[in-house]
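Bear in mind that the values in this text are calculations on the coordinates, not laboratory data. Being a predicted model, the structure only gives us computed values, none of them experimental. Cβ atoms come from the backbone with ideal geometry, glycine included; neighbour counts cover every protein chain shown.
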Amino acid sequence: MKSILITGGAGFIGSHVVRLFVNRYPDATIVNIDSLTYAGNLENLRDVAARPNYRFVKADICDYAQVQRALADFAVTGIVHLAAESHVDRSITDPFVFARTNVIGTLTLLQAAKEYWNGHYDGRLFYHVSTDEVYGSLDHGGFFTETTPYDPKSPYSASKAASDHFVRAFHNTYKLPVVVSNCSNNYGPYQFPEKLIPLFINNIRHNKPLPVYGRGENVRDWLFVEDHARAIDVIFHRGRIGDTYNIGGFNEWKNIDLIRVMIRVVDRLLGRPEGASEKLITYVTDRAGHDLRYAIDSTKLKTELGWEPSLQFEEGLEKTVKWYLDNQAWLDGVTSGDYQKYYEQMYKI
Ligand code: NAD
Ligand code: TYD
């Protein structure tokens, strides 16, 4: 029987991966290990929490003993590692927690898996979920491919790059069966409202200023989170051991263009006159070292494993806006307490 440990399953992407795996693999035990930081919320998994094949363990991935116990208690055969500190702005304010969770946490998991599996690697896999930000920043042309040299530029991407290197080093040195994927920006339900899309939907709804960094010229490639979860499923089950797969939507948007589309959709769904919320756009000081453009070439994943995004961006954005407008209670829950302090310190507008 398979037993799959998913780290960071109470976070944004992790919760979609847990839901997909719990629903798709009723004969496998799906173990979610998460320390429930500000970004982790068990409400994200309310619909699957009572399933017989789901287990939750509250544990810190930096705690070797706790990780080892979870591996042994559930006889884990595969790991999908998503737990991380994930917000670039927070990494600029406090890089140390990024080194701790993203680097030491990943190393702790690798070492624990190596010890637990103890060379019996048949049918075992350590899947490390990473980001396209490790490749650095693009100018106006070109794409990141799997062979683009690493050139991380923020404390967040530097910590993710370091973790990717450790994963590959464990494969090279100890033959640990690993696979790595690097994905572009995700959007969708259950994303913590410190990231651009949920933050702006929430602010438009409440007529609060929309803090656009710099001139809003930066470009991101957006992928609907359920498509990322499907890609993870495909790579986990069919990816080549030791290999890397880029995941992206071929869906680039300049921030300011995306913000204008969001304003249109939110205003329409709230019954406001078209463009009513344009006045909320507020240009603020740029993020330090702000990467200009990310763009992923995910051709390899399509040609080798047949994965493609299923949703058009307009459809995904509409679904996402509706979800946030319908789930104000979820937003209120995650934005109480510490979030208010973060918001005031981050945005003095
Ligand atoms: P998130 O911040 O929403 O969730 C992270 C989860 O990890 C939370 O549930 C948190 O409680 C948990 N966690 C943090 N530190 C932990 C620790 N020390 N021990 C145990 N659990 C801990 O992040 P996300 O946006 O869902 O991203 C998940 C993964 O995907 C990350 O590795 C991130 O680098 C990667 N990724 C994210 C994006 C994106 O657009 N969000 C894109 C590409 C890759
Ligand atoms: P974000 O969602 O933080 O993702 P990342 O930095 O990992 O790409 O930001 C997406 C883009 O939106 C990025 O170019 C920064 C910009 N941005 C703003 O202009 N204002 C904001 O308040 C935030 C959070 C982001």
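Remarks
- Reachable aspartates and glutamates, given that their alpha-carbon falls under 12 Å from the alpha-carbon of Lys300 and they are not under 8 places away in the same chain: Glu146, Asp243, Glu308
- Relative to its residue count, the range 91-243 spans a Cα convex hull of 137 Å³ per residue.
- The chain - charge dipole about Cα centre, Lys and Arg +1 at Cβ, Asp and Glu -1, debye rounded to 20: 380 debye
- Ellipsoid semi-axes in whole angstrom, largest first, where each is sqrt(5λ) of the Cα gyration tensor of the chain: 33, 22, 19
- One quarter of the convex hull surface built on the alpha carbon atoms of the range 259-349 amounts to 9.0 nm², the projected area averaged over directions.
- Förster radius 51 Å - calculated FRET efficiency between Asn23 and Arg287, Cβ distance, rounded to 0.05: 0.85
- For the range 179-221, a simple Cβ point-charge model (Lys and Arg +1, Asp and Glu -1, everything else neutral) yields a dipole of about 160 debye relative to the Cα centre.
- Distance from the range 147-212 to the range 48-98 (C-alpha centre basis), Å: 16 Å
- Measuring against 19 Å, Cα to Cα, the residue pairs Lys195/Lys319; Lys58/Lys319; Lys195/Lys341; Lys114/Lys302; Lys175/Lys302; Lys208/Lys341 contain Lys58/Lys319; Lys114/Lys302; Lys175/Lys302 as the ones spanning a longer distance.
- Kirkwood radius, the range 240-295, all distinct C-alpha pairs, inverse of mean reciprocal distance: 14.5 Å.
- Per-selection Rg to Rh, the range 210-273 - Cα, Kirkwood hydrodynamic radius: 1.16
- Along the axis of the charge dipole computed for the chain (Cβ charges of +1 for Lys and Arg, -1 for Asp and Glu, origin at the Cα centre), the listed residues Leu20, Gln312, Ser181 are led at the positive end by Leu20.
- Sorting Val284, Val76, Val178 from the fewest to the most surrounding beta carbons within 10 angstrom yields Val284, Val76, Val178.
- If you take the alpha carbon atoms of the range 189-345 and fit the smallest convex hull around them, that volume is 138 Å³ per residue.
- Note, ³J(HN,Hα) from phi for the range 325-341, Karplus 6.51, -1.76, 1.60, rounded to Hz, x at Gly and Pro: 5, 7, 10, 4, 5, 4, 4, 4, x, 7, 9, 7, x, 4, 4, 4, 5
- Shown for Glu314, Glu194, Glu304, Glu133: other C-beta atoms within 10 Å of each C-beta, ranked fewest to most, produce the order Glu314, Glu304, Glu194, Glu133.
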